[in-house]
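What follows is a short report on a single structure.
Nothing in this text is a laboratory measurement; each read-out follows from the coordinates by a stated rule. Owing to the predicted nature of the structure, the values given are computational and were not obtained by experimental measurement. Neighbour counts are summed over all protein chains in view; Cβ atoms, including those assigned to glycine, are modelled from backbone coordinates with ideal geometry.
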Amino acid sequence: MSAMNQDRKTLIVANWKMHLNVHQSSLLLHRLNERIKIHRNIEVILAPSMLSLQPLSLELDRRKFKLAAQDAYFKDEGGYTGEVSFAMLGDLVEYCIVGHSSRRIYFGETLETVRDKVQAAVRNGITPIICIGETKQDRDAGEGRQVIHDQLTTALMNVTSRDLDKIVLVYEPVWAISTFDGIMAKPDDVEKAIAYMRMQIRELYGERAATKISILYGGSVNDTDVHGYLEVPGVDGALVGAASLNYHQFSAMVDVAYRMRLKV
Ligand code: PEP
């Protein structure tokens, strides 16, 4: 029997990263729309580039898909040339990825930047999908737990118990991501890290919060291995990168999640 928790929805997030122009994004949405059915317990969240959010918001079937931004700036407005704020995204998206490893590594986002972005998301009614995870260097140095602890506790520093209902966490082992030439994580490693994250939530917010919060797996997955990660106890879905650009693969992954929920 699958370990999927029936009280929490399954979330499958497509992070298209810096790929696809507006026309290509629209085409991919169209292909996904043909293949993906409405599932009551499964939320399919698309995170296209900032440029494609507006056009896709007009095209997509909101019963099937939700939209996420890949990032936003933590100030609501001002002289921050080139930035887009959470306040501006408020009417457009339900979710925003925050603290993705690309942001932390390529754009130098600190623990505090991520904390401020989480606050800005909550303030503007957007659910942050907060990515937490150690790099290969952290892991090799035996500091994985410490990094997870520090990223998680800082990100949630100003988040109240009430706000926590509108937070999604992702365990994103950076050593298992294609962008950084990652290797496949073992389900056992994922289980331990996610149990550790839930324990942190229990310590900060109590048992009910730890049981309620959604935690996704954010290392590389594809349509053949996603089942193995979704059945890891404590995993409520996946943040999919490269494989989400392929509509056959991505819709097959949603289908795997669907069948797993039917079986329980
Ligand atoms: C990601 O960057 O969020 C990710 C999961 O990447 P990939 O699936 O490409 O490894």
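Counting only Cβ charges, +1 for Lys and Arg and -1 for Asp and Glu, the dipole size of the chain around its Cα centre is about 780 debye. Near L216, the amide H atoms lying under 5 Å from its own belong to L169, V170, Y171, D236; only residues 5 or more places off or on other chains count, and H is placed 1.01 Å from N. For the peptides 178-191, 123-136, residues were scored by their other Cβ atoms within 10 Å and the scores averaged per peptide; the highest-first order is 123-136, 178-191. Across the chain, Cα pairs under 8 Å and at least six residues apart give a relative contact order of 23 percent. Remark: spin-label model distance H149-I183 equals 2.6 nm, labels positioned 7 Å along the Cα→Cβ axis.
Take the Cβ-Cβ distance between M88 and A141 as r, set R0 to 35 Å, and report the resulting FRET efficiency rounded to the nearest 0.05. Step by step, r from the Cβ atoms, then E = 0.35. Report summary: the helix-based calculation at 222 nm, which adds -39500 (n - 2.57) for every DSSP H run with n ≥ 4 and divides by the residues of the chain, gives -12500 deg cm²/dmol. Note on the chain: with a GNM built from Cα contacts shorter than 10 Å, the maximum mean-square fluctuation among Y171, Y205, Y95 falls on Y205. Report note on the peptides 110-119, 82-91: ranked by the mean count of other C-beta atoms within 10 Å, highest first, their order is 110-119, 82-91.
Cross-linked pairs K17/K75; K66/K136; K117/K186; K64/K192; K64/K186; K37/K192: Cα-Cα separations exceed 29 Å for K66/K136; K117/K186; K64/K192; K64/K186; K37/K192.
Taking amide hydrogens as placed 1.01 Å from N in the peptide plane, the amide H of E43 sits under 5 Å from those of T10, L11, I12, each at least 5 positions away in sequence or on another chain. Using C-alpha pairs below 8 Å separated by at least 6 residues, the relative contact order for segment 59-130 is 35 percent.
How high is the FRET efficiency between K37 and E203 when r is their beta carbon distance and R₀ equals 45 Å, given to the nearest 0.05? Don't jump to the answer; show the numbers that get you there.
Working: r = 39 Å, r/R0 = 0.87.
Plugging the Cβ-Cβ distance into 1/(1 + (r/R0)^6) gives 0.70.
Cα convex hull, segment 126-264: 117 Å³ per residue, rounded to a whole number.
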